[in-house]
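Notes to accompany the following structure.
The values are calculated or read from the model by the stated rules, or taken from the named source; none is laboratory data. Fair warning: this is a prediction, and the values are worked out from it, not measured in the lab. Here the Cβ positions follow ideal geometry from the backbone for every residue, glycine too, while neighbour counts run over all protein chains shown.
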Amino acid sequence: MDEKFIRDRITELRLQKDVPERKMSIELGHSTSYIHSIASGRALPSMPEFLYICDYLGVTPMEFFNESEHTTPIQQRAIQYIRQLDEEEARLIVDLLERIKKMK
């Protein structure tokens, strides 16, 4: 894993979220060219900024670096909802998913 991976992954997740570089830069509180400077290799985010970027893109740092399992935008939305559930509610969702999977 290297700097290119970080740049490419930010770009990949940004495109999945369908957000232009300029808009993402502004919404993160930076100049309009901030994300472009990362994507082009002129800069890398600091660690705190990287965590803000992950939060903005709806992924954990672990998910960001997981090269083997990239989730689709709809999967990311489902994961965000599941994280808001308590243990019992999450268990009900898992049971439902298992039933759906068995029906296939």
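Okay, residues lined up against (1) in contact with an Asp or Glu (Cβ under 8 Å, 6 or more places away or on another chain); (2) β-branched (V, I, T); (3) more than 28 Å from I82 (Cβ to Cβ); (4) in the same structural domain as I82 (by TED's automatic domain parsing):
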{"position": "R7", "(1), (2), (3), (4)": "no, no, yes, no"}
{"position": "T11", "(1), (2), (3), (4)": "no, yes, no, no"}
{"position": "P20", "(1), (2), (3), (4)": "no, no, yes, no"}
{"position": "M47", "(1), (2), (3), (4)": "no, no, no, no"}
{"position": "G58", "(1), (2), (3), (4)": "no, no, no, no"}
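Please enumerate the residues belonging to region 10-26 that are assigned to a helix (DSSP H, G or I), touching a residue at least 24 places away in the same chain (Cβ under 8 Å) and surrounded by fewer than 19 Cβ atoms within 10 Å (Cβ to Cβ).
T11, E12, Q16, listed by residue number.
Yes or no: region 57-79 includes at least one residue that is of a type in the set (G, A, S), surrounded by 12 or more Cβ atoms within 10 Å (Cβ to Cβ), touching a helix residue (DSSP H, G or I) at 6+ places or on another chain (Cβ under 9 Å) and not in a helix (DSSP H, G or I).
yes
Residues to consider are I6, I38; find the one that is at negative phi, outside any loop (DSSP other than H, G, I, E, B), over 14 Å from the mean Cα position of the chain (by Cα) and of a type in the set (A, V, I, L, M, F, W, C).
I38
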